[in-house]
Amino acid sequence: MEPGRWSSEHSDALCDYFFKGLSYGEIGRQINARFGTAYTRNAVIGRAKRLGLGLATPERMISPSIVPSLPGEPAPRTPPRAVPPGLNLPPPSALRPAQPAKLRCVGIQPRLITLDELERGDCRYPYGGDKEGEEISFCGHPRQPGSSYCAPHARLTRGPGAARTAAAVVLRLVSAA
């Protein structure tokens, strides 16, 4: 599990447990037990906030009263809290994964050369590598002075009104011999 990445199953479980009235710490423990993850209470709070689940609802701000128990007796469980009426919930469509964004493109035909074939003055705009095992190739057209890209790709990567910065980056090809 990569930190900061929540799968849709984990997010769905978070929503289910949230609407059952569990605390954020208990939601984290339930998800960790169910999926073998290691989410912290703070990770659950952050994800709930990004999902728009009403982080500061009055019911979540009030902690249940602590009732002492005798040794050997199980601690009394507090009943699950109901979702308060009028709670601003996101529409169901907000809980589904978003469609991939359509990327901007330029009207040039790239040469699609490999990293080994790149020359000093070639455009380094990458193509491919989106799918598992897909090879990455590069534009390869003559690049603009002071840039790693040809003129169309330089405009594409900087966007309108972006300030030009002169930063030198040296890349070395390292062989795994």
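The values are calculated or read from the model by the stated rules, or taken from the named source; none is laboratory data. Computed from a prediction, not measured in an experiment: that's the story for all the values here. Here Cβ is always computed from backbone atoms with ideal geometry, including for glycine, and neighbour counts include all displayed protein chains. To get the accessible areas, we keep the full protein, side chains included, count just its heavy atoms, and leave off ligands, DNA and RNA. Shrake-Rupley method; radii C 1.70, N 1.55, O 1.52, S 1.80 Å.
Scanning region 109-154 for residues that are under 29 Å from the mean Cα position of the chain (by Cα), surrounded by 12 or more Cβ atoms within 10 Å (Cβ to Cβ) and of a type in the set (Lys, Arg) yields a single hit, Arg124.
Conditions (1) aliphatic (A, V, I, L, M); (2) open to solvent by less than 100 Å² (accessible area, probe 1.4 Å); (3) part of a helix (DSSP H, G or I); (4) at pLDDT below 70, marked per residue:
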position: Leu14; (1), (2), (3), (4): yes, yes, yes, no
position: Leu22; (1), (2), (3), (4): yes, yes, no, no
position: Gly28; (1), (2), (3), (4): no, yes, yes, no
position: Asn32; (1), (2), (3), (4): no, yes, yes, no
position: Tyr39; (1), (2), (3), (4): no, yes, no, no
position: Leu55; (1), (2), (3), (4): yes, yes, no, yes
position: Ser93; (1), (2), (3), (4): no, yes, yes, yes
position: Ala98; (1), (2), (3), (4): yes, yes, no, no
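Does Gly140 meet the test of being part of a loop (DSSP other than H, G, I, E, B), out of contact with any strand residue (DSSP E or B) (no Cβ under 9 Å at 6 or more places or on another chain) and at pLDDT 70 or above? Judged against the criteria, Gly140 is not a match.
Lys102 meets the conditions (1) basic (Lys, Arg); (2) assigned to a helix (DSSP H, G or I); (3) modelled with pLDDT of 60 or more in every case but one. The failed one is (2).
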